[in-house]
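Data first, discussion second: the structure below is written as structure tokens.
The values are calculated or read from the model by the stated rules, or taken from the named source; none is laboratory data. On a predicted model such as this, the values are computed, not experimentally measured, just so you know. Virtual Cβ from ideal backbone geometry, glycine too; neighbours counted across all protein chains shown.
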Amino acid sequence: MAIQVSGITKQFGHYRALDQVDLEVRSGELLALLGPSGSGKTTLLRIMAGLESADSGSLQLHGEEALGLSPRERQVGFVFQHYALFRHMTVFDNVAFGLKVRPRAQRFGRSEIKRRVMELLELVQLAHFADRYPAQLSGGQRQRVALARALAIEPKVLLLDEPFGALDAKVRKELRRWLRKLHDDIHITSVFVTHDQEEALELADRVVVMSQGRIEQVGSPADVYDHPASAFVYEFLGQVNRFDCTVADGVARVANGALAIPTENGVQGEAIAYVRPHDLGLSPSAGGPGRVSGIHVVGPDARVEVDLAGLTLEAEMDRERLSFLGLRPGDRCAVHIDRARVFPRR
Amino acid sequence: MLAKTSGQRPALDDRSWVRGLLILSALAFLLLFLVLPLVSVFVEAFRRGVGAYWDALIEPDALSAIHLTLIVAAIAVPLNLVFGVAASWCISKFDFRGKGLLITLIDLPFSVSPVISGIIYVLLFGLHGVVGPFLKSQGIQIIFAVPGLVLATIFVTFPFVARELIPLMQEQGTEEEEAALVLGASGWQTFWRVTLPNIKWGLMYGVLLCNARAMGEFGAVSVVSGHIRGETNTMPLHVEILYNEYNFVAAFSVASVLAMLALVTLVAKTALEWRFGAELAATRH
Amino acid sequence: MVAASSTDDAALPSSGGTVLSVLKKPSVIPGFGLTMGFTLAYLGLIVLLPLAALAVKAAGLGWAGFWNAVLTPRVLAAFEISFGLSLLAAAINAVFGFVVAWVLVRYRFPGAKIVDALVDLPFALPTAVAGIALSALYAPNGWIGQLLMDWFGLKVAFTPLGIAIALTFIGLPFVVRTVQPILQDLPPEEEEAAASLGATRWQSFRRVVFPSLFPALLTGFALAFARGVGEYGSVIFIAGNMPGVSEIVPLLIVIKLEQYDYAGAAAVATLMLAASFLLLLILNLLQAWMRSRHAR
């Protein structure tokens, strides 16, 4: 186990940023902390790095209790959201910093430092920018310098705070793939914070979904997407239709029975049902309960809005399927629900 | 045509006679109140020629005044520099209660009349002061001696460095320091290698203004000095004595050295602003 | 795998002792105790303790004694002169400082950058130098004094008018330096909007630009005023220093001190200090109020 978080709690004034958080990070994995702002994900990351103190709990880095250690003793690599590059130092000096500030006894010689730095700059493909200053680099390049700088101290774990947050969409995608590849090459235990579900699902080995200082679910990307453990995860990940319903005898009835959905998890009474748009099937039916109120085509996909007993549902399908069904705005239709999750209403 | 406008935004252009009138009145005002007094210092100084000017400067009392001024500044400025850095470090890098009050207290000496800045030390350390009799029994003299001059100078130049650095360091935040700490730097390494290089121009700016005021201060040091020629007279006090003795050429000669100091300060300050305007922007709200 | 004891504050990184942690949020950045300790000690020794000595000395007079020392015709006249003439000088600076700021921001003319740099001269020039230069200029045989005497029969140096001249010099940068940055950052779109809505140039200045600049103008005015009230070095050479006519408060304090009337000097100084703090307080309240009204 690379990182073991147990019962970590953190309070800012009256605001509880983290509430009894337990988490295990496995050696060599790339883990995403995903959640909306204020969910505590960045606080958790900063506590791992020692940049924030915890009020209670324990944190072990490679089996060693770390809460009492200062950041400089923890040997973690940290990539800041806005990179925090030293603006008065060249790219080379930024990357070399962690090696130059070591106690004299552990410090490498000048040529060894140079060799290591250049090696890292090769790794992040910035070797010929060594003499530039941060202000002369693009956002993506700065981000790679920050990464090289963090890796220079040979950290046991790498922590990244919103690593792609400050980049534009195109660079973000490229860099994401590049980081995944880098991780596959060097296999350093990494934790990154993001509020972007697509980023987390695409990049991470495992995803930790957080909300209001608690962990809602931990699992593989497919796991958290296909089997959300809570109403929050359902709403936070991907598009979802949400209806109030009443559950009796394993059947959830929506809008006074206009829709009846079979359920499995034994919830009874007032509840909320979640259905992904692509799990919602439509078929043309002159006497059907639904009426197509709008069709939006975006690239190869089509979104169909359906009015059903005062509710607005959203179905998603590819364009071929839509033209096969021949649905047009105003048509009546039948609605089938292949899959739904029901959670008791709070 | 005297004045050109940007021509970029017609809605912001004033009529040419308005422009001319405003520029002329601004320049006339500045000529009358800034340029003429400055020029007159040098004209009066050289009224009897270069020889008389030079004699006034190398006369022993003048030399001792110059010497004393340098000593006072050499003590007061570094002390306020260290204070300014320490104060802005704890104010800008940490969150604590009473921060606003602390900043107000640091700015306090700016709103105190120079005369009062001197008097408070007389009332504290003078013969009839709170601890004066005790100091006298110990043979320590502060008022009418160099320590008093230094204290009064420190008081009037107290906020200069801190008030330049506080907004600058607040704007820079703590991320770079955190990055340095995570990379294994100690507190001192972080300060010397990361923080100091980031604030050096703002620091220099503050020291420049602090020094100009320290060397030129009159009211506060006048009260604590006792005006002992050759012993407790700084340059501005020496100017006063010479002037009151109707030795105008000598007074203006010494004054011209101070005026030169002011001009050098202005040039250096302007150069810093042009070169590092963006970095210093935070300090000029 | 045992959880660390959760109450042991010292085991957590960077918590600065138990007393401090009540007042201060924890942080990993070191040096709080050292820098805060030094800051408070230095502030206390250099600024607060001596100011307390002033208060102690003034309080030694007792309530009645204090007012007896302060409510004399000479002291009252000095206050009237100091505050009145500072007000006059600040008003002159409000007008011309505004014009200078406008010209520097809005127009381009040769030498503008030099003029801009020169505005700070009163901050840099030692007050004693300014004092003797102004009194030489405005003395009856000086460059300007002579002209004023010949043309208008006006005597400036060694009269209250001379004091106003010196205070104008000393307060000159304040209005310029408070108005200038605000004018610089004023969005030009507002004036363009006014023009497109049919306003004349004067109307758009009067109704759009000036109201935005007014808080800054007022701030500069108050700063110049406060500076004028306390000013000493540049004034005493040109003032003439006649009790009741051209004697300013700071000079009166010095005179009392030279006559070993320490308590009297402390009383007058305390009153002046209280007046300038009151002024500062009013200014801050005014600014806060205006900021809440003109919040952008």
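General remarks:
- Number of the exception - B:Leu36 against (1) within 30 Å of C:Gly33 (Cα to Cα); (2) surrounded by 15 or more Cβ atoms within 10 Å (Cβ to Cβ); (3) within 9 Å of another protein chain (Cβ to nearest Cβ); (4) of a type in the set (A, V, I, L, M, F, W, C): (1)
- Checking each residue in segment A:54-92 for being buried (at least 20 other Cβ atoms within 10 Å of the Cβ), part of a loop (DSSP other than H, G, I, E, B) and within 14 Å of chain C (Cβ to nearest Cβ) picks out A:Ala54, A:Ala66, A:Leu67, A:Phe80, A:Ala84.
- Residues in segment A:284-300 that are in contact with a helix residue (DSSP H, G or I) (Cβ under 7 Å, 6 or more places away or on another chain) and either in a strand (DSSP E or B) or among the β-branched types (Val, Ile, Thr) (or both): A:Pro284, A:Val297.
- Test: residue in segment C:194-202 that is β-branched (Val, Ile, Thr) and in a helix (DSSP H, G or I): no
- Only one entry of C:Ala157, C:Ala164 meets the criterion of being assigned to a helix (DSSP H, G or I) and in contact (Cβ under 8 Å) with a residue 24 or more places away in the chain, and that entry is C:Ala164.
- Segment B:149-159: number of residues that are closer than 21 Å to B:Leu203 by Cβ and more than 10 Å from every other protein chain (Cβ to nearest Cβ): 3
- Complete set of residues in segment A:325-346 that are in a loop (DSSP other than H, G, I, E, B) and within 19 Å of A:Gly288 (Cα to Cα): A:Gly326, A:Leu327, A:Arg328, A:Pro329, A:Gly330, A:Asp331, A:Asp338
- Residues considered: A:Val95, A:Val117. Of these, the only one that is β-branched (Val, Ile, Thr), touching a helix residue (DSSP H, G or I) at 6+ places or on another chain (Cβ under 8 Å) and either within 12 Å of chain B (Cβ to nearest Cβ) or surrounded by fewer than 16 Cβ atoms within 10 Å (Cβ to Cβ) (or both) is A:Val95.
Rundown of residues vs (1) acidic (Asp, Glu); (2) part of a helix (DSSP H, G or I); (3) under 23 Å from the mean Cα position of the chain (by Cα), yes/no style:
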site: B:Leu127; (1), (2), (3): no, no, no
site: B:Lys136; (1), (2), (3): no, yes, no
site: B:Gly139; (1), (2), (3): no, no, no
site: B:Ile143; (1), (2), (3): no, no, yes
site: B:Pro147; (1), (2), (3): no, yes, yes
site: B:Leu151; (1), (2), (3): no, yes, yes
site: B:Ala162; (1), (2), (3): no, yes, yes
site: B:Leu165; (1), (2), (3): no, yes, yes
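- Residue identified as away from chain C (no Cβ under 13 Å), within 17 Å of B:Val239 (Cα to Cα), buried (at least 17 other Cβ atoms within 10 Å of the Cβ) and not hydroxyl-bearing (Ser, Thr, Tyr) among B:Ala65, B:Ala52, B:Ala56: B:Ala56
- Candidates A:Ala84, A:Ala148, A:Ala130, A:Ala66: the one that is small (Gly, Ala, Ser) and under 22 Å from B:Trp192 (Cα atoms) is A:Ala84.
- Taking segment A:265-282 as the range and being under 17 Å from A:Ala309 (Cα atoms) and of a type in the set (S, T, N, Q) as the test, no residue passes.
For every residue, the table says whether it meets (1) surrounded by fewer than 19 Cβ atoms within 10 Å (Cβ to Cβ); (2) polar (S, T, N, Q); (3) farther than 30 Å from C:Leu279 by Cβ; (4) at pLDDT 85 or above.
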residue	(1), (2), (3), (4)
C:Ala4	no, no, yes, no
C:Val19	yes, no, yes, no
C:Val70	yes, no, no, yes
C:Ser86	no, yes, no, yes
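- In segment B:195-233, of all residues being within 27 Å of C:Pro122 (Cβ to Cβ) and not in a helix (DSSP H, G or I), the one that is farthest from the other protein chains (Cβ to nearest Cβ) corresponds to B:Thr232.
- Scanning segment B:234-245 for residues being more than 16 Å from the chain's Cα centre (by Cα) and either under 18 Å from B:Phe46 (Cβ atoms) or not in a loop (DSSP other than H, G, I, E, B) (or both) gives a total of 8.
- Taking the criterion of being out of contact with any Gly (no Cβ under 8 Å at 6 or more places or on another chain) and away from chain A (no Cβ under 14 Å), the residues of segment B:160-178 that qualify are B:Ile166, B:Pro167, B:Gln170.
- Residue list for segment C:208-249, restricted to those being within 11 Å of chain B (Cβ to nearest Cβ), among the hydroxyl-bearing types (Ser, Thr, Tyr) and part of a helix (DSSP H, G or I): C:Thr219, C:Ser234
- Reported count of residues in segment A:305-324, each being in contact (Cβ under 8 Å) with a residue 60 or more places away in the chain and not in a strand (DSSP E or B), is 0.
- Candidates A:Ala229, A:Ala166, A:Ala146: the one that is part of a loop (DSSP other than H, G, I, E, B) and more than 30 Å from A:Arg339 (Cβ to Cβ) is A:Ala166.
- In the set B:Leu181, B:Leu165, only one residue is surrounded by 23 or more Cβ atoms within 10 Å (Cβ to Cβ), closer than 18 Å to A:Arg149 by Cβ and not acidic (Asp, Glu); that residue is B:Leu181.
Residue-by-condition table, conditions (1) more than 30 Å from B:Ala214 (Cβ to Cβ); (2) at the interface with chain B (Cβ under 10 Å from one of its Cβ atoms); (3) small (Gly, Ala, Ser):
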site	(1), (2), (3)
C:Leu118	no, yes, no
C:Phe123	no, yes, no
C:Thr127	no, yes, no
C:Met149	yes, no, no
C:Phe158	yes, no, no
C:Leu161	yes, no, no
C:Phe174	no, no, no
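- Residue check for B:Ile119: away from chain A (no Cβ under 14 Å), modelled with pLDDT of 95 or more and under 19 Å from B:Ser225 (Cβ atoms): no
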